[in-house]
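The values are calculated or read from the model by the stated rules, or taken from the named source; none is laboratory data. All values reported here derive from a predicted model rather than from experimental measurement. Every residue, glycine as well, gets a Cβ built from its backbone with ideal geometry; the counts of neighbours run over all protein chains shown.
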Amino acid sequence: MLEDGTRVYSNGTRYTPVPDEERRYARRKPADSRAVRWGANWYLPLALAPEAARQMPQTRPDEDAYDHMPKPRPCRCDVCKRPAAAIWKDKWRRDRHLRS
């Protein structure tokens with residue numbers, strides 16, 4: 001590397017970097033040093049909330065499917081659609097001797 005910024009390679013080739021204003025093609029890399037390239041895109045890490053401020057939403061337990069079984073039509077709520085709800089639906093049928 002010379003004083004004027006010219007790079008001299010091992011084969012004797014010299015290269016002077018072009019300033020960003022004079023470039024024909026734009027430089028896409030962000031100025032942030034934390035940027036990561038994935039495919040052809042540059043991604044910056046997300047600013048996340050601190051661990052103490054994070055809250056998980058309240059979820060309904062799978063056992064609610066047991067209470068939804070007496071409905072006249074099959075229930076299509078989020079709880080009854082879960083694969084784990086089948087255990088509670090089977091238990092409801094066994095309790096009423098509807099399935100052997």
query: Taking only pairs six or more apart or across chains, which ones have beta-carbon atoms under 7 Å, a first residue in segment 52-71 that is under 30 Å from residue 98 (Cα atoms), and a second residue that is exposed (fewer than 13 other Cβ atoms within 10 Å of the Cβ) and of a type outside the set (Asp, Glu)?
result: 62/84
field: Qualifying positions in segment 37-66 - surrounded by fewer than 10 Cβ atoms within 10 Å (Cβ to Cβ) and either of a type in the set (Val, Ile, Thr) or not in a loop (DSSP other than H, G, I, E, B) (or both)
entry: 38, 41, 51, 52, 53, 59
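So, in segment 6-25, exactly how many residues are of a type in the set (Ser, Thr, Tyr) and either closer than 30 Å to residue 45 by Cβ or in contact (Cβ under 8 Å) with a residue 40 or more places away in the chain (or both)?
Filtering segment 6-25 for residues of a type in the set (Ser, Thr, Tyr) gives 6, 9-10, 13, 15-16, 25.
Subsequent filtering for residues that are either closer than 30 Å to residue 45 by Cβ or in contact (Cβ under 8 Å) with a residue 40 or more places away in the chain (or both) retains 25.
Matching residues across segment 6-25 total 1.
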message: Just to be sure I understand the filter: pairs with C-beta atoms under 8 Å, separated by 6 or more residues or on different chains, first member in segment 83-98 and without any contact (Cβ under 8 Å) to a residue 40 or more places away in the chain, second member among the aromatic types (Phe, Trp, Tyr). Which pairs pass?
response: 88/66; 89/66; 91/66; 92/66
message: Regarding segment 26-34, can at least one residue be identified that is over 30 Å from residue 97 (Cβ atoms), in a helix (DSSP H, G or I) and either touching a residue at least 40 places away in the same chain (Cβ under 8 Å) or not charged (D, E, K, R) (or both)?
response: no
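Using the structure shown, decide if residue 44 is modelled with pLDDT of 90 or more, under 20 Å from the mean Cα position of the chain (by Cα) and not charged (D, E, K, R).
yes
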message: Whether any residue in segment 2-23 is within 37 Å of the chain's Cα centre (by Cα), among the aliphatic types (A, V, I, L, M) and in a loop (DSSP other than H, G, I, E, B) is what I want to check.
response: no
